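Let me begin by presenting the structure, written as structure tokens, before commenting on it.
The values are calculated or read from the model by the stated rules, or taken from the named source; none is laboratory data. Only a predicted model underlies this, so the values are computations on that prediction, with no experimental measurement involved. FYI the Cβ positions are ideal-geometry reconstructions off the backbone, even for glycines, and counts take in every protein chain you see. For the accessible areas, the whole protein counts, side chains as well, though only heavy atoms, and no ligand, DNA or RNA atoms are used. Shrake-Rupley method; radii C 1.70, N 1.55, O 1.52, S 1.80 Å.
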Amino acid sequence: MTELYDFIKSIHSINEDDYQLLTEDLRTRQFKKGEHITQPGQIERQIFFVRSGVQMYHFEAFEKLNILGFAYPPNFCAIPESFLLQKPARYYLTCLTDSELDYLSFEKLQHLFDKSQQIERLFRKLSEAVTVGLINRQIELRSTTIEERFKSFCQRSPHLLQLVPHKYIAAYLAIDPTNFSKLFNSVKF
């Protein structure tokens with residue numbers, strides 16, 4: 001099938017009929033580099049499936065850029081707490097590159113949950129994976145050295161080193177940009 005279908009099956013194995021049900025009403029949007037998908041104060045009305053491009057979750061506090069994460073194919077992309085609770089977002093979701101995203105509205109997804117227990121279970125498992133990932137990230141930030149964080153990132157997402165400005169990766173890893181540059185030039189992974 002497709003990369004998206006394989007990704008979805010890695011979260012929860014759904015059959016082809018449920019996959020067709022999930023994807024038959026997808027719409028596609030194009031975003032330019034630097035364009036915000038969601039801004040603070042907006043309610044996330046869609047959940048996106050990344051076809052191409054890289055997106056970044058971020059906010060600024062105390063004159064410092066804080067990077068919460070990145071999205072790229074074939075991942076889902078949305079500000080989860082805004083989408084799930086239909087509350088205003090507290091941070092940005094911005095395209096770092098030109099991007100093509102397929103999307104479903106919140107209302108459509110709720111309708112799909114009523115039609116398919118497997119689709120509902122898929123999104124429950126996705127929510128669980130996001131929760132576990134956030135907890136693991138907090139533990140990693142508080143219990144590892146900058147070199148360990150850098151190596152871990154390079155093993156998880158080495159392609160982002162070529163796609164994302166290093167200052168953003170450094171901010172994501174909570175590493176000073178100068179130290180990040182030293183690690184990038186000296187650490188083998």
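Sparse packing (at most 13 other Cβ atoms within 10 Å of the Cβ) combined with a DSSP loop state is found for none of the chymotrypsin sites (Phe, Trp or Tyr not before Pro) in region 132-181. For the chain, the relative contact order comes to 24 percent (Cα pairs under 8 Å, sequence separation of at least 6). For region 1-158, a crude dipole built from +1 on the beta carbon of Lys and Arg and -1 on the beta carbon of Asp and Glu, taken about the Cα centre, is about 440 debye to the nearest 20. Accessible surface calculations at 1.4 Å, restricted to protein heavy atoms, place region 121-189 at 61 Å² per residue.
Sequence-ordered 3J(HN,Hα) estimates for region 176-187 from the Karplus curve with 6.51, -1.76 and 1.60 and θ = phi - 60° stand at 4, x, 5, 5, 4, 4, 4, 4, 4, 7, 10, 8 Hz, glycine and proline given as x.
The shape of region 91-140 can be summarised by an equivalent ellipsoid whose semi-axes, obtained from the alpha carbon gyration tensor, come to 24, 20, 8 Å from longest to shortest. The apolar share of the surface of the chain, taken as the fraction of accessible area on carbon and sulfur atoms (1.4 Å probe, ligands and nucleic acids excluded), comes to 50 percent. List the trypsin sites (Lys or Arg not before Pro) in region 109-189 that DSSP assigns to loop (not H, G, I, E or B) and whose Cβ has at most 12 other Cβ atoms within 10 Å. Which are they? Filter output for region 109-189: 188. The residue among 126, 57, 46 whose Cα reaches farthest toward the positive pole of the charge dipole of region 10-134, with charges on the beta-carbon of Lys, Arg, Asp and Glu, is 57.
Potential lengthening of the chain between residue 30 and residue 107 amounts to 25.6 nm, from the contour at 0.36 nm per residue minus the alpha-carbon distance. Solvent-accessible surface of region 1-117, taken per residue with a 1.4 Å probe and all protein chains present: 54 Å².
Over the residues of the chain, the helix contribution to mean residue ellipticity at 222 nm works out to -14500 deg cm²/dmol, using -39500 (n - 2.57) for each DSSP H run of at least 4.
Placing pseudo-labels 7 Å out from each Cα toward the beta carbon at residue 13 and residue 161 gives an inter-label distance of 3.5 nm.
Taking a sphere under 11 Å around the Cβ of residue 38 and counting the other residues whose Cβ falls inside, with K and R at +1 and D and E at -1, yields a net charge of 0. Pairs of Lys residues in the chain are counted when their Cα atoms are under 23 angstrom apart and they lie 8 or more places apart or on different chains; the count is 17. Take the convex hull of the alpha carbons in the chain; its mean projected area over all directions comes to 11.2 nm². Among the GluC sites (Glu not before Pro) in region 17-71, those placed in a DSSP loop whose Cβ has at most 10 other Cβ atoms within 10 Å are 24, 63.
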